[in-house]
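Single-structure report; data block below.
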Amino acid sequence: MNEIALEEKGLRLRLPDGEAAYFNYFWLRDNCATAFDAETRERTFDILAEPDDLRAARARVDGDDLVVEWTGDGHESRYALSWLAGWARGAGNSDSADVGRRLWRGDHLQRMCRVSFESVLGSGVVEWAEALLRDGIALVEGLPDSDDALERLAGRLGHITPSCFGRYFDVRREANPINLAYTSRALELHTDLPSEEFAPGVQLLHCRANEVISGGESLFVDGAAVAEDFRMSHPREFALLSETLVPFRQEHEMYDTRARQRVIEVDADGAVSGVTYSQHLADTFDLPQSLLDDYYPAFRRFGRLMQDSRYLLRFRLEAGQCVTFDNHRVVHGRTAFEAGGGRRHLRGCYLGRGEVRSSYRIYASGGVLSGAWEDVKVP
């Protein structure tokens with residue numbers, strides 16, 4: 001074929017690697033460099049105002065660019081051939097934050113990412129963010145015993161996402177607890193706040209003190225790893241848990257939050273992206289009773305599999321450590337501890353998953369985020 005062939009709805013172009021590729025006229029015009037504001041980087045061009053028969057009057061290759069002159073107003077657009085080749089190969093929307101998921105099991109403790117608070121305030125933030133995206137969990141060590149330490153840490157990846165508990169919450173024994181976490185009892189494996197329409201994305205738990213003599217160990221499970229194994233062993237039950245919405249509710253004097261979630265979450269490619277699981281915040285399942293004949297066995301089988309010791313990561317969180325994890329993927333819990341055995345205090349907050357991915361893209365490309373704590377340039 002010739003270098004360029006103009007067709008009715010698009011053009012065919014031979015790329016530098018010799019492969020031919022087709023590009024729609026509307027797509028080309030919509031992505032002309034002049035369609036975007038130079039300062040805000042937002043598209044200002046209105047594709048709706050173009051005629052239905054939009055066409056290229058002529059096109060040519062000029063060095064490393066494709067140049068298109070449009071019918072009507074005669075506007076000229078220029079596109080880098082390398083940019084077009086990326087879209088032709090399906091890599092045009094490649095995302096640096098798609099680092100892949102590394103599924104893990106109970107032996108992950110030795111491989112778990114550990115970074116210092118000091119390093120995260122500098123270039124170590126890249127390693128920390130990448131571990132959250134890849135493994136869903138990472139440990140930051142060396143935080144000072146101060147209220148602003150957690151805020152400084154969270155600020156490296158985004159803005160704190162408030163919940164019904166406010167910007168922060170303190171996990172410690174209280175005389176009149178409004179949550180099971182504020183007791184010395186064991187906490188079953190769960191994800192936080194599934195009763196909120198958009199459950200928190202990433203959780204940070206800063207250990208301010210852990211003086212208990214026995215118990216109080218932190219428990220974590222990679223829900224994605226469990227769900228992928230569950231898919232292999234029980235495909236029909238996996239489908240039921242990944243397709244059926246069930247209700248969750250959390251209520252007290254000051255709040256009453258309700259939402260419907262899928263216990264197993266899958267992404268656009270069908271891979272498990274996480275789980276939503278909480279027995280103590282599950283509302284009364286209002287599915288048809290005949291469907292519950294199948295749903296409850298699936299729900300129970302999956303929950304028991306998550307409790308299997310093969311998947312359970314268990315360790316004692318010490319003062320100055322902050323465990324950070326993806327609340328849509330990693331289920332967590334706690335063993336019971338002696339009520340009078342010493343002080344145990346964790347301060348927690350949440351970040352949006354999207355903000356963590358956004359921050360990683362900026363940092364990984366050598367950029368710097370603006371904000372109160374973003375004062376160290378990442379090399």
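Readers should treat all values here as calculations from the given coordinates under stated rules, not as data from a laboratory. Computed from a prediction, not measured in an experiment: that's the story for all the values here. Cβ: placed from backbone, ideal geometry, glycine included. Neighbour counts: every protein chain shown.
Given the options 218, 77, 123, state which has the largest fluctuation in a GNM of the chain using a 10 Å cut-off (strictly under) for Cα springs. Judging by the Gaussian network model, the answer is 77. The label-point distance for residue 307 and residue 102, in a model that sets each label 7 Å from Cα toward Cβ, rounds to 3.1 nm.
Scanning the chain for DSSP H helices at least 30 Å long along the axis (C-alpha atoms) with a Kyte-Doolittle mean no lower than -1.0 picks out nothing.
This structure gives mean projected area of the Cα convex hull in nm², computed directly, and of (i) 18.3; (ii) 19.9; (iii) 24.8 that value is listed as (iii).
For the residues 313, 132, 66, a GNM of the chain with alpha-carbon springs under 10 Å puts the largest fluctuation on 66.
May I ask you to compute the full-extension gain from residue 213 to residue 20, defined as 0.36 nm times their residue separation minus their alpha-carbon distance, rounded to one decimal in nm? Display every interim value, and only then the final one.
On the way: separation 193, 0.36 × 193 = 69.48 nm, distance 6.97 nm.
Taking residue 213 through residue 20 to full extension adds about 62.5 nm, to one decimal.
Each label was represented as a point 7 Å from its Cα along the Cα-to-Cβ direction; for residue 65 and residue 42 these points are 2.7 nm apart. Label-to-label distance for residue 78 and residue 34 is 1.2 nm, based on points extended 7 Å past Cα in the beta-carbon direction.
Using only helices, what value at 222 nm comes out for the chain when you add -39,500 (n - 2.57) per DSSP H run of length 4 or more and divide by the total residues, to the nearest 500 deg cm²/dmol?
Numbers: 9 runs with 88 residues, N = 379.
Result for the chain: -7000 deg cm²/dmol, rounded to the nearest 500.
An oblate overall shape is assigned to the stretch 4-88, the ratio a/c of its alpha-carbon gyration tensor axes (a ≥ b ≥ c) being 1.5 or greater and a/b not exceeding b/c.
What's the FRET efficiency of residue 315 with residue 127 using the Cβ-Cβ distance as r and R₀ = 30 Å, to the nearest 0.05? Let's see the in-between values first.
Values: r = 20 Å, r/R0 = 0.66.
My answer for the efficiency is 0.90.
Of the residues 255, 218, 348, the one whose Cα sits farthest toward the positive end of the charge dipole of the chain, with +1 on the Cβ of Lys and Arg and -1 on the Cβ of Asp and Glu, is 218. Restricting to the stretch 47-160, what percent of DSSP beta bridges are antiparallel, rounded to 5? So the antiparallel bridges amount to about 80 percent of the total.
From most to least packed by mean Cβ count within 10 Å, the peptides 191-197, 201-207 give 201-207, 191-197.
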